[in-house]
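Trainee: So that we are looking at the same thing, I have put the structure below in structure tokens.
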Amino acid sequence: MKAIVVGGGLAGLGAAYRLHKNGWEVTVLEADEEVGGRAKMIERNGYSIPTGATQVSTGYHDYIALCKELGVDDDFVAGSNMVSLIRDGKLYEIDGTKPLTVALTGALSLRSKYLIARSMMEMRAMEPKLSPLDMSANHAVDDGRTAKDFAMERMNQQSYDVLVDPLMRACTLNRGDAVSALEWFSALSTLGGVKFITLRGGVQRLSHLLAAKVDTRVNARVTDVKRTTGGVEVNFTQDGVPQSLTADACVLATRLPEAVEMSEEMAEVAKPLASRIEYNRGFLVHLGYSVKPKTRSVGVMVPTVENPYIALIWLEHNKGEDDITPPGHGLFTVYFDEAALDDVKSGSDEEYGKIAADYLEKLYPELKGHQDMMAVSRWNLAIPHPTPGHYRAVNEMKGRIDPAGPIQLAGDYFTTTGQNSAIHWGQRAADNIIKHIGRRNAPAESLAELKA
Ligand SMILES: Cc1cc2nc3c(=O)[nH]c(=O)nc-3n(C[C@H](O)[C@H](O)[C@H](O)COP(=O)(O)OP(=O)(O)OC[C@H]3O[C@@H](n4cnc5c(N)ncnc54)[C@H](O)[C@@H]3O)c2cc1C
């Protein structure tokens, strides 16, 4: 049995490895010159820099299980779980993975703490039980309200400014008044009861390990995927040369706009979501300093009222890996807010770099005069933007997918974005193919083996 996987990100490689383990001959076609998709690294002046995804947690069960299958689960390192909130320019540290410790912070009044705790209890009581792997199962909560509408109804202005809005910006790179109310619960369920961890070697390592297990072709851009009588035909250009492959099945593991562009059939299936999905752009400034501030925080969640441009700062040197910076140095990723990107006049790397460094050094004045590295990463389609109604559309799309079809969709747009969701939905696409296409076409003796 042969399968083609389009896209060498974690969804595609997760699908490819699952198919390979089940005896399929798999070819991964990746348009870029290397695998990893939105979980990639670059090296600059002695710093190992994640250019997209950065954080993993103990709640990433599919990610961790895959690392176990590959024999690298001993390579996880624990990092700090502390994150900083900001109120009136002042930083307050909380344990970001224990939402109930919000009750201890000086950043919020007693009333705000009570209202936030009540909202967390509401989440626990939700039916069906919330899962970050399938947020659209709770699409009823996605009733047209934004996270801000919800916070103003059920909490108060301070809760919104200090916690809800910055959390939404951290998860989506957009503001609380632009995302679905369900995203608030998604963030709580993603963070609650987990610890931050990192796979030694960085976020691209898992993709490299997976790609080494299957036939992976880079610089191979797929243009067209269609169903044939025997399975599928995939047309692509490799290093500019047009080519074609046939197989029993295919997984389209790209971002949704790219998937519907290459397959008319999937454009029709995914219409409820594809016709409305928006992506936030990702604009990241990476800053290296020859000193580290004293804080244990791994992240600073920035409220819009504190800084309309900067949504989040990640302190990469506090993730637990000791070899990602020159000794004693600090590495920071400053994420810009989608809503403010067009306000940066020249749009040059230097202008973004200055805005990022000025704010970082305002929060941590001891960094001033010690910057020794600046790099910029830009993503046009960074993260699905969960506007109100987004999860309803995801749910509608899911209902139209034929699990027995030879072309399956995979990617992080099926639920809350993240590396774990990408792997989960990649493996799910592979499982559909193994179950339906594999069994239908398998020779009698392998069917007996499957049954056994
Ligand atoms: C700035 C940023 C920060 C993030 N932070 C985190 C984080 O801290 N933690 C976390 O868990 N997640 C984070 N994420 C999300 C995470 O990166 C994604 O959810 C995950 O990597 C998506 O994997 P994927 O395989 O679905 O898609 P992708 O990684 O986008 O993979 C799709 C692949 O398809 C390829 N492709 C596209 N078109 C074609 C074509 N025509 N032919 C062949 N190949 C094609 C692309 O080149 C790409 O390699 C972040 C993302 C961004 C952008």
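Derivation of every value follows stated rules applied to the coordinates shown; laboratory data play no part. All figures in this text were calculated on a predicted structure; none of them were measured in a lab. Quick reminder, even Gly has a Cβ in these numbers, built from the backbone with ideal geometry, and neighbours come from all protein chains shown.
Trainee: D32 to V305: extension gain in nm, 0.36 nm per residue of separation minus the Cα-Cα distance? Could you put the intermediate results ahead of the total?
Mentor: Numbers: separation 273, 0.36 × 273 = 98.28 nm, distance 3.81 nm.
Stretched out fully, the D32 to V305 stretch lengthens by 94.5 nm.
Trainee: I've got another one for you. Considering only DSSP beta bridges with both partners in the chain, what is the antiparallel share in %, to the nearest 5? Each step should come with its number before you reach the end.
Mentor: Numbers: 55 of 72 bridges.
Counting DSSP beta bridges with both partners in the chain, the antiparallel share is about 75 percent.
Trainee: Moving to a separate point now. How much length would be gained if the chain were fully extended between T237 and N219, taking 0.36 nm per residue of separation minus their Cα-Cα distance, in nm to one decimal?
Mentor: 5.7 nm
Trainee: Can you grab the distance from the C-alpha centre of the stretch 184-213 to the C-alpha centre of the stretch 80-105, Å, no decimals?
Mentor: First find each Cα centre; the distance between them is then 22 Å.
Trainee: Can you give the calculated 222 nm mean residue ellipticity of the chain, where each DSSP H run of n ≥ 4 adds -39,500 (n - 2.57) and the sum is split over every residue, rounded to the nearest 500 deg cm²/dmol?
Mentor: Values: 14 runs with 134 residues, N = 452.
One gets -8500 deg cm²/dmol as the mean residue ellipticity at 222 nm.
Trainee: Using a ≥ b ≥ c from the Cα gyration tensor of the stretch 1-84 (square roots of the eigenvalues), is it rounded, prolate or oblate, where a/c under 1.5 gives rounded and otherwise the larger of a/b and b/c decides, a/b for prolate?
Mentor: Numbers: a/c = 2.57, a/b = 1.46, b/c = 1.76.
The shape class here is oblate.
Trainee: Based on the Cβ-Cβ distance from S244 to E69, what FRET efficiency comes out when R0 is 45 Å, to the nearest 0.05?
Mentor: Details: r = 32 Å, r/R0 = 0.72.
So, using R0 = 45 Å, E works out to roughly 0.90.
Trainee: Could you size up the charge dipole of the chain around its Cα centre, putting +1 on the beta carbon of Lys and Arg and -1 on that of Asp and Glu, and report it in debye to the nearest 20?
Mentor: Values: 49 positive and 58 negative charges, 212 e Å.
I would put it at about 1020 debye.
Trainee: Taking the Cα centre of the chain as the origin and placing charges on Cβ (Lys, Arg +1; Asp, Glu -1), which of G202, I407, I423 is farthest toward the positive end of the dipole?
Mentor: I423
Trainee: If you don't mind, there's one more thing I want to ask. Once you charge only the Cβ atoms, +1 for Lys and Arg and -1 for Asp and Glu, what is the size of the charge dipole of the stretch 222-358 about its Cα centre, to the nearest 20 debye?
Mentor: 440 debye
Trainee: Still on this structure, I have one more. Under a plain spin-label model, where a point goes 7 Å from the Cα along Cα-to-Cβ, how far apart in nm are D177 and K435?
Mentor: It is 4.4 nm.
Trainee: Next question, about the same structure. Once you place label points 7 Å from the Cα toward the Cβ at S131 and E366, how far apart are they in nm?
Mentor: Distance between label points: 4.4 nm.
Trainee: So for the pair R44, R378, with labels modelled 7 Å out along Cα→Cβ, what separation do we get in nm?
Mentor: 1.4 nm
Trainee: Bins of 5 Å, beginning at zero and ending with the bin holding the largest distance: percent of Cα pairs per bin for the stretch 213-357, please.
Mentor: All Cα pairs considered, the percentages come to 2, 8, 12, 12, 10, 10, 12, 12, 11, 7, 3, 1, 0.
Trainee: How about K98: which lysines have a C-alpha closer than 19 Å to its C-alpha, ignoring those fewer than 8 places off in the same chain?
Mentor: The qualifying lysines are K113, K129, K195, K319.
Trainee: In vacuo Debye scattering of the stretch 281-360, one point per C-alpha: log10 I(q)/I(0) at q = 0.15, 0.18, 0.23 Å⁻¹?
Mentor: Per q value, in the given order, log10 I(q)/I(0) is -0.53, -0.74, -1.08.
Trainee: Let me ask something else about it. Please give the contour-minus-distance gain from E350 to E122: 0.36 nm per residue of separation, less the Cα-Cα distance, rounded to one decimal in nm. Please report the intermediate quantities before stating the final value.
Mentor: Working: separation 228, 0.36 × 228 = 82.08 nm, distance 4.48 nm.
Between E350 and E122, full extension yields an extra 77.6 nm.
Trainee: Then there's this: Answer with one residue from A125, L115, S136: the one whose Cα lies farthest towards the positive end of the charge dipole of the stretch 108-148, charges on Cβ with Lys, Arg +1 and Asp, Glu -1.
Mentor: Sorting the options by dipole projection puts first L115.
Trainee: In nm², what is the average projected area of the convex hull enclosing the Cα atoms of the stretch 295-452?
Mentor: So the Cα hull casts an average projection of 14.8 nm².
Trainee: What residues have an amide H closer than 5 Å to that of N45, excluding those fewer than 5 places away on the same chain, when H is modeled at 1.01 Å from N in the peptide plane?
Mentor: Long-range HN contacts for N45: none found.
Trainee: Which value, in debye to the nearest 20, gives the size of the charge dipole of the stretch 157-207 about its Cα centre, when Lys and Arg are +1 and Asp and Glu are -1 at the Cβ?
Mentor: Using Cβ point charges on Lys, Arg, Asp and Glu, the stretch 157-207 gives about 420 debye.
Trainee: To check my understanding: the extent here is largest minus smallest coordinate of the Cα atoms along each principal axis. What are those three numbers for the chain, in Å, largest first?
Mentor: In descending order, the Cα extents are 68, 48, 44 Å.
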